[in-house]
Amino acid sequence: MKNLISIIIPVYRGNPVYFNKTIESCLSQTYKNVEVIIIDNGCNDALQDTLSELNTNENVTVVKNSKSGVCSGRNLGVKTAKGDYIMFLDADDWIESNACEILLNHAVEAEADCVICNRSEEHTSEL
């Protein structure tokens, strides 16, 4: 059985443009055994329609968080996750299409409990 990767994304005041890019990057992974868990920390109205639509996707779970804050959101995500591995993203992060595949391969090869990767920043005036 393939390892399941749970990607946890707490969302509060997400920019819809960035958030959509985040979700698209998760759902278009070359490694397909991925679940996306979105923690709604009291999202703004601009994201509510998107969350409702995403909640119909079989690979996405939207969980309402009664507490606030990114830490409580991540903790709730961990409790909800079914994956063998967990990845955390913020609502304005996105990953390369092969990120899960590469990270999982490294974890399996090294029999590692945790793998860490580099990141890059993209600055834009699109806010």
Expressed as a whole percentage, what fraction of the accessible surface of the stretch 48-127 belongs to carbon and sulfur atoms when a 1.4 Å probe is rolled over the protein heavy atoms? 45 percent
In the chain, how many lysine pairs have Cα atoms under 19 Å apart, counting only pairs 8 or more places apart or on different chains? 7
Rounded to the nearest 0.05, what FRET efficiency do Ser52 and Phe88 have when you use their Cβ-Cβ distance and R0 = 30 Å? 0.80
For the residue pair Lys64 and Asn3, what label-to-label distance in nm results when each label sits 7 Å from Cα along the Cα-to-beta-carbon direction? 3.5 nm
Calculated log10 I(q)/I(0) by the Debye sum over Cα atoms at q = 0.16, 0.18, 0.21 Å⁻¹ (choose from [x] -1.02, -1.18, -1.34; [y] -0.78, -0.98, -1.30; [z] -1.04, -1.28, -1.58), label: [y]
Averaged per residue, what accessible surface does the chain expose to a 1.4 Å probe, in Å²? 64 Å²
In whole angstrom, how far apart do the alpha carbon centroids of the stretch 64-121 and the stretch 47-61 sit? 19 Å
Once amide H atoms are built 1.01 Å from N in the peptide plane, which residues 5 or more positions from Met87, or in another chain, come under 5 Å H to H? Ser6, Ile7, Ile8
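The values are calculated or read from the model by the stated rules, or taken from the named source; none is laboratory data. Quick caveat, the model's predicted, so the values are computed rather than measured. Note that each Cβ is placed from the backbone with ideal geometry, even for glycine, and that neighbours are counted across all protein chains shown. For the accessible areas, the whole protein counts, side chains as well, though only heavy atoms, and no ligand, DNA or RNA atoms are used. Shrake-Rupley method; radii C 1.70, N 1.55, O 1.52, S 1.80 Å.
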